[in-house]
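Here the structure comes first, spelled out in C-alpha cells, and everything after it is commentary.
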Amino acid sequence: AQTVTQSQPEMSVQEAETVTLSCTYDTSESDYYLFWYKQPPSRQMILVIRQEAYKQQNATENRFSVNFQKAAKSFSLKISDSQLGDAAMYFCAYRSARGGSNYKLTFGKGTLLTVNP
Amino acid sequence: NAGVTQTPKFQVLKTGQSMTLQCAQDMNHEYMSWYRQDPGMGLRLIHYSVGAGITDQGEVPNGYNVSRSTTEDFPLRLLSAAPSQTSVYFCASSKQGAGNQPQHFGDGTRLSIL
C-alpha cells in the first residue's frame with residue numbers, strides 16, 4: 001500500500017516571502033499522479049497543483065511550483081510571494097495510475113501554513 | 001453547475017442513532033468516494049464506487065454502509081453511530097479515464113456523536 005508523509009505539521013512564512021512544504025511518498029509503482037490540495041478555514045478542498053510521474057518537468061501554477069524528485073520519492077510544494085490568502089492546511093496526495101481502483105487518493109496528514117503580515 | 005453537493009453541513013447525533021449523509025454530483029462522474037477527516041490524520045478513504053451498482057471498501061469502512069443506485073448519488077449510512085465516528089466527512093467525485101483529473105470535493109459534513 002502507498003503511504004504519503006508530510007513531516008512538517010506546521011509552517012509559517014512572512015508575507016511576500018517564499019516557503020517550501022515537504023512531502024515524501026512510498027510506492028512500488030512507476031506510474032502515478034501527485035497532487036497538492038489546499039484547505040482554508042472554509043473547509044473546502046481546493047486543488048493547487050498536480051504532477052504526472054512520467055513527466056520530468058516540474059509543474060507550475062502561477063506562484064505555486066513543485067520540486068518532483070521521482071528517485072527520491074519526494075514532492076515538495078514551493079509558494080512564492082506568499083499572500084495572506086495562502087494561509088491554510090495543505091495536503092499532499094498520491095493516486096495510482098493503474099486500472100480498477102486507481103481513482104483513490106492517499107493523503108498525507110497535512111501541513112498547517114500560517115502567513116504573517 | 002452545482003458540482004458535488006453534500007447535505008447536511010452539520011449534524012449532532014446521539015450514540016446508537018442512525019443517519020444518512022447525502023452526496024450528489026451533477027457532472028456525470030463515474031467515480032465517487034467518501035473520506036473522513038480527523039485532526040492530525042489527513043483524509044482517509046471510507047468507501048468508493050466506480051459506477052452505479054458497484055461499491056468497494058476503502059481504508060476505514062467499519063461502521064459505514066454505502067450504495068450507488070444512480071450515477072448522481074452516493075449516500076453514506078451510519079447504522080449505529082459511535083463517538084469514534086465524530087469527524088468531518090467529505091464526498092468526492094471524478095471522471096474515469098485519465099488519472100490526473102482532480103477529484104471534486106463537496107464542502108463537507110461536520111458530524112458530532114454524543
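None of the figures in this text is laboratory data; all of them are computed from the coordinates on show. Since the structure is predicted, the reported quantities are computational estimates derived from the model, not experimental observations. Every residue, glycine as well, gets a Cβ built from its backbone with ideal geometry; the counts of neighbours run over all protein chains shown.
Could you list B:C23, A:C92 so that the one with the fewest beta carbons within 10 Å of its beta carbon is first and the one with the most is last? Could the numbers behind the result be given before it?
Values: B:C23 25, A:C92 28.
With the fewest neighbours first, B:C23, A:C92 line up as B:C23, A:C92.
Using the beta-carbon distance between A:E15 and A:I46 and R0 = 25 Å, what value does 1/(1 + (r/R0)^6) give for FRET efficiency, to the nearest 0.05? Plugging the Cβ-Cβ distance into 1/(1 + (r/R0)^6) gives 0.80.
On average, how many beta carbons from a partner chain sit within 10 Å of the beta carbon of a residue in A:103-112?
Working: counts 17, 9, 11, 5, 7, 2, 6, 6, 0, 0.
Mean partner shielding for this stretch: 6.
So which of A:K109/B:K9; B:K14/B:K95; A:K78/B:K9; A:K78/B:K95; A:K78/A:K109; A:K55/B:K95 end up more than 25 Å apart by C-alpha? As for pairs spanning more than 25 Å Cα to Cα, those are B:K14/B:K95; A:K78/B:K9; A:K78/B:K95. A Cα-only calculation for chain A places Rg and Dmax at 13.9, 46 Å. With kT/(6 pi eta Rh) evaluated at 20 °C and eta = 1.002 mPa s, and Rh the Kirkwood radius from Cα pairs, chain B diffuses with a coefficient of 153 µm²/s according to Stokes-Einstein.
With the simple model of a label 7 Å out from the Cα in the direction of the Cβ, A:T3 to A:Q83 spans 3.7 nm. Which residue, B:G58, B:G40, B:G16, tops the fluctuation ranking in a GNM of chain B built on C-alpha contacts under 10 Å? Per the Cα network of chain B with a 10 Å cutoff, B:G40 tops the list. The distance between label points at A:A72 and A:D26 comes to 1.9 nm (points 7 Å beyond Cα on the Cα→Cβ vector).
Can you give the percent of C-alpha pairs in the stretch B:13-57 whose distance is more than 15 Å?
On the way: 590 of 990 pairs.
Value for the stretch B:13-57 (Cα pairs over 15 Å): 60 percent.
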